[in-house]
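Some notes on the structure that comes next.
The values are calculated or read from the model by the stated rules, or taken from the named source; none is laboratory data. Computed from a prediction, not measured in an experiment: that's the story for all the values here. Quick reminder, even Gly has a Cβ in these numbers, built from the backbone with ideal geometry, and neighbours come from all protein chains shown.
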Amino acid sequence: MRVSRYFEELRSAYDAELDDLMTDSAGHDILTSRLQAKRSQIRQLLPMIECNPEMVAVAFHGGFSFANPAVMADIAALEPEDLPAWQTLLSSVSLEPWAADLAQVVLKDANGERFLVVTACLEFLRGASTDSSAEGARRQPPGDGDDEDDADLDIDLEEAGADWLSEQGFDRKDRFSGDN
């Protein structure tokens, strides 16, 4: 899967933010309580959604389900100015009830829609990297990967995502036609 520079940098910051929240100084797992604290402070954190979205996005950790991973994979390849509207993702993304409540608060902010698209993508990337690491470890012994099959899967996901974005009214940017 191709990931834009924007999402690559944000994913790294998002992962670091989650890692920082996981344990206290004694090494005890306190992620759940820290995430609940972030969720309860969402209104106070809204000014950060434009400049440091990863610090607020963690409040939504574990709150997304992805019905169409190909769409999310395609969005992960986009730069911020090319991101679709939040409403166009609702057929591919669902929120846990608590996350839907948080989203309603965030959507009142002028940058809320874009933030939710970014957050959904960060959660997708976090899950995709965890899933692919675990899946790869189960499927293949080290050093026995088939890069050609992986490339075919990436192409299929890219095509499906491009098709979906085209259906939503976005210009098709197909890497095979030279329209990049």
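Observations on the model:
- Residues of the range 11-39 satisfying the condition of being closer than 21 Å to Val117 by Cα and of a type in the set (Gly, Ala, Ser): Ser12, Ala13, Ala16
- Among residues of the range 56-76, those that are assigned to a helix (DSSP H, G or I) and in contact with a Phe, Trp or Tyr (Cβ under 9 Å, 6 or more places away or on another chain), counted: 11
- Condition check for Pro80: in contact (Cβ under 8 Å) with a residue 12 or more places away in the chain and either under 11 Å from the mean Cα position of the chain (by Cα) or surrounded by fewer than 15 Cβ atoms within 10 Å (Cβ to Cβ) (or both): yes
Residue-wise test of (1) farther than 25 Å from Gly169 by Cβ; (2) surrounded by 23 or more Cβ atoms within 10 Å (Cβ to Cβ).
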| position | (1), (2) |
| --- | --- |
| Gly62 | yes, no |
| Ala67 | no, no |
| Pro84 | no, no |
| Glu113 | no, no |
| Val118 | no, yes |
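- Each residue in the range 90-103 was checked for being within 13 Å of the chain's Cα centre (by Cα) and over 20 Å from Val56 (Cα atoms), and 1 pass.
- Yes/no for Ala103 being surrounded by 15 or more Cβ atoms within 10 Å (Cβ to Cβ) and either among the basic types (Lys, Arg) or modelled with pLDDT under 95 (or both): no
- Pairs linking a residue in the range 98-118 that is in contact (Cβ under 8 Å) with a residue 24 or more places away in the chain and at negative phi to a residue that is assigned to a loop (DSSP other than H, G, I, E, B) and crowded, with 21+ Cβ neighbours inside 10 Å, with Cβ atoms under 6 Å and 6 or more positions apart or on different chains, are Ala99/Gly63; Asn111/Ile49; Phe115/Ile49.
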